[in-house]
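FYI, it's all coordinate maths here, none of it is from the lab. Note that the coordinates shown come from a computational prediction; the quantities given were computed from them, not determined experimentally. For neighbour counting, all protein chains shown are included, and Cβ atoms are generated from backbone atoms with ideal geometry for every residue, glycine included.
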Amino acid sequence: MGKRVNVLITDYAWESLEPERKILSKVGADIVVAPSGQEEELIELAKEVDAILTCWAKVTRKVVKMAKGCKVIGRYGIGVDNIAVEEATRVGIIVTNVPAYCIDEVSDHAMALFLGCARKISFYDRAIKKGQWNSQSGNQMFRLRKKTLGLIGFGKIGRAVVPKAKAFGLHIIVFDPYISEKDAADYGVRLTPFDELLKSADFISVHVPLTGSTHKLIDEKAFRKMKNTAYLINTSRGAVVDTEALVRAIKENWIAGAGLDVLPQEPPDTNDPLLNQDRVILTPHTAFRSVESLLDLQRTAANQVACVLRAEKPEYIVNPEVLQSLNLRASLQT
Ligand code: NAD
């Protein structure tokens, strides 16, 4: 048996690491779990590891710089906004993700938030439990058939929403600067400029990655353009929405409400004004969760790391340019 190696798991959101252990032990790897996932702690732990697996903890530039023996950083998930990918590429570390483990779950969750808003499920539930049985207290509700759903971001999850929303008779428009008219037409949806989508959608569901260009994409200007009967659904990343502007938009009735699975700060401060908004439905970043998706996530993320440790090219590389780099730390068989 060759030299044993260490894989640092910065954080995870499930009960057992058995699936990872099973896969990683086959490549002679031991798992080191970070107690808190805080930056200072990760900086220390990173010094001794051959690979890092991270869920939400931030693998910052400082952490990457100290991880001198690290060959691969694997994300448990799709978005890699919590990893300093540029720095990793610069020093020759492969970054991997798991691109498709929860497409069904997240698109279902977007639909659940959408229906919860449209049918005011949480609102009535809270009212009844406070002793108010009053079908009129929810104010106006509109028929869904023939209303317009605007999708911002038309990748895997946005596309998975389409047949589900069509089943409710919704007309679907899409804003995504990186896809073609033909792509949209293949799904029976229409590409629309951003402002037009804001103005004409009755529901807007956001499915973009968090990048420089999507940070606070939905800001005060965007809310002011939306219909005052419209709802915003966000299952992507919290920082894509300016939540201070959202609170104003709701309090001042620029829009009707929102359903959010993700927040700029998770968990939010207990005095975050969003927590007092009756017309906002919140879930704690759970859109990806199901028994099946988690197992898929754990196995696929661990397999990416195991591949690199076995000197094989992993399937889901986020920074493929690193493979051409003279600094590449992994010695991959071609
Ligand atoms: P994807 O990469 O398949 O699709 C993203 C789409 O966004 C692409 O089509 C891209 O062209 C588009 N896009 C990029 N920048 C844009 C911009 N400025 N304006 C409009 N469109 C833009 O990703 P996906 O699998 O559909 O996932 C989308 C996001 O959902 C992920 O990046 C992740 O952050 C988030 N997510 C959240 C959860 C959760 O549990 N809430 C789970 C999985 C993924």
Links exceeding 23 Å between C-alpha atoms in this model, out of Lys182/Lys227; Lys58/Lys251; Lys227/Lys251; Lys47/Lys71, come to Lys182/Lys227; Lys58/Lys251
Using the Cα centre of the chain as origin and beta-carbon charges of +1 (Lys, Arg) and -1 (Asp, Glu), tell me which of Ala245, Phe168, Ala301 is placed farthest towards the positive end of the dipole. Phe168
Over the range 1-68, what is the relative contact order in whole percent, taking alpha-carbon pairs under 8 Å and six or more residues apart? 42
Simple spin-label estimate for Lys146/Asn253, 7 Å along Cα→Cβ, in nm, reads 2.5
Between Asp81 and Gln277, what length in nm is gained on full extension when 0.36 nm per residue of separation is reduced by their alpha carbon distance? 67.8 nm
Residues Arg90, Arg126 arranged by fewest to most Cβ contacts within 10 Å: Arg126, Arg90
Taking the Cα centre of each part, how many Å lie between the range 290-311 and the range 232-267? 32
Rounded FRET efficiency, nearest 0.05, which uses the C-beta distance separating Gln324 from Ile128 and R0 of 35 Å: 0.05
Short to long, in 10 Å steps from zero, the percent of alpha-carbon pairs of the range 209-280 per bin is 21, 58, 21, 0
For Ser200 and Asp296, what is the calculated FRET efficiency with R₀ set at 25 Å and r taken between the beta-carbons, to the nearest 0.05? 0.10
Label Lys166 and Glu181 with points 7 Å out from Cα along Cα→Cβ: what is the distance between them in nm? 2.0
The range 50-155, relative contact order [Cα under 8 Å, separation at least 6], %: 19
Find how much the distance from Arg61 to Ile31 grows on full extension, using 0.36 nm per residue of separation minus their present alpha carbon separation; answer in nm with one decimal. 8.6 nm
Sparse-neighbour loop sites [trypsin sites (Lys or Arg not before Pro); the range 1-85; at most 16 other C-beta within 10 Å; DSSP]: Lys3, Arg4, Lys26, Lys47, Lys68
Choice from Asn276, Asn319, Asn134 with maximal GNM fluctuation in the chain (Cα, 10 Å cutoff): Asn134
Given the rule -39500 (n - 2.57) for each run of at least 4 DSSP H residues, summed and divided by the residues of the chain, what is its mean residue ellipticity at 222 nm, to the nearest 500 deg cm²/dmol? -9500 deg cm²/dmol
In the range 103-282, with Lys and Arg counted as +1 and Asp and Glu as -1 at Cβ, which of these residues, Asn134, Leu217, Pro268, has the Cα nearest the positive end of the dipole, that is, farthest along it? Asn134
